[in-house]
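**Q** Quick one: structure below, then a few questions.
The values are calculated or read from the model by the stated rules, or taken from the named source; none is laboratory data. Keep in mind that what you see is a predicted model, and the values were worked out from it rather than measured. Methodologically, a virtual Cβ is constructed for each residue, glycine included, from the backbone with ideal geometry; neighbour enumeration extends over all protein chains shown. SASA here: full protein model, heavy atoms, side chains in, ligands and nucleic acids out. Shrake-Rupley method; radii C 1.70, N 1.55, O 1.52, S 1.80 Å.
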Amino acid sequence: MSDPIVILTEEPLGADDRVNIETLIAGGDAPLLILVPANTERHLVVDFLENLSMLEIAKAFRELTAHSDPAEERAEAADTLAASLAALAGLGGGVSGEVVEGRAVDGLVAKVKELSAGQAVVITRPHAVADTFHTDWATKAQDKLGLPVLHLYAGSGFIGDS
């Protein structure tokens with residue numbers, strides 16, 4: 001059996017993501033572990049600027065005044081995990097997953113080390129500010145692990161620059 005692959009995602013994985021992961025494992029039997037953070041720990045100012053840069057003006061101001069509810073965030077994470085598990089069902093040596101408490105990158109790094117994973121993958125939507133200034137999850141994980149971390153954009157074949 002191949003080394004496990006740990007996948008950190010903030011978005012529910014879908015058909016396009018399945019194609020990307022199928023390509024990555026190339027018919028191998030690597031077990032897949034999907035991690036979904038209970039709280040994405042975004043920064044208010046960065047999120048605001050990011051939404052503005054994507055010309056999502058209404059969303060920028062809506063999120064500026066929104067209050068997060070931990071129970072609601074955890075429920076959303078559980079839904080994201082369930083959808084992602086369904087999307088990747090039957091791939092590799094099996095697919096499992098869990099909701100990560102605390103910092104997403106720390107959870108990814110801990111699981112990669114715990115499982116002696118062969119690869120780490122981060123799947124996010126584009127984050128203009130974080131990606132530009134290399135403060136995205138993939139870059140942070142790569143710095144902590146000392147090995148390459150594949151950064152894919154959810155629902156596309158685009159690879160992030162980490």
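**Q** Going by the structure shown, is residue 60 more than 16 Å from residue 123 (Cβ to Cβ), modelled with pLDDT under 95 and buried (at least 16 other Cβ atoms within 10 Å of the Cβ)?
**A** Values: more than 16 Å from residue 123 (Cβ to Cβ): yes; modelled with pLDDT under 95: yes; buried (at least 16 other Cβ atoms within 10 Å of the Cβ): yes.
Criteria met by residue 60.
**Q** Considering only strands (runs of 3 or more DSSP E) fully contained in segment 78-162, which possess at least 2 residues that are modelled with pLDDT of 90 or more and in contact with a helix residue (DSSP H, G or I) (Cβ under 8 Å, 6 or more places away or on another chain)? Write out each step before concluding.
**A** On the way: elements: 95-100, 119-124, 150-153.
Strands (runs of 3 or more DSSP E) meeting the threshold: 95-100, 119-124.
**Q** Kindly indicate the residue of segment 25-45 that is of a type outside the set (Ser, Thr, Tyr), at pLDDT below 95 and open to solvent by less than 50 Å² (accessible area, probe 1.4 Å) and also nearest to residue 126 (Cα to Cα) among those meeting that condition.
**A** 37
**Q** Same structure again: Pick from segment 2-21 the residues that are more than 14 Å from residue 119 (Cβ to Cβ) and surrounded by fewer than 18 Cβ atoms within 10 Å (Cβ to Cβ): which of them is nearest to the chain's Cα centre (by Cα)? If you could, list the steps in order and put the result at the bottom.
**A** Taking segment 2-21 first, the residues more than 14 Å from residue 119 (Cβ to Cβ) are 9-19.
From the residues that got through so far, the ones that are surrounded by fewer than 18 Cβ atoms within 10 Å (Cβ to Cβ) too are 11, 14-16, 18-19.
Working: 11: 7, 14: 13, 15: 16, 16: 15, 18: 14, 19: 16 Å.
My answer is 11.
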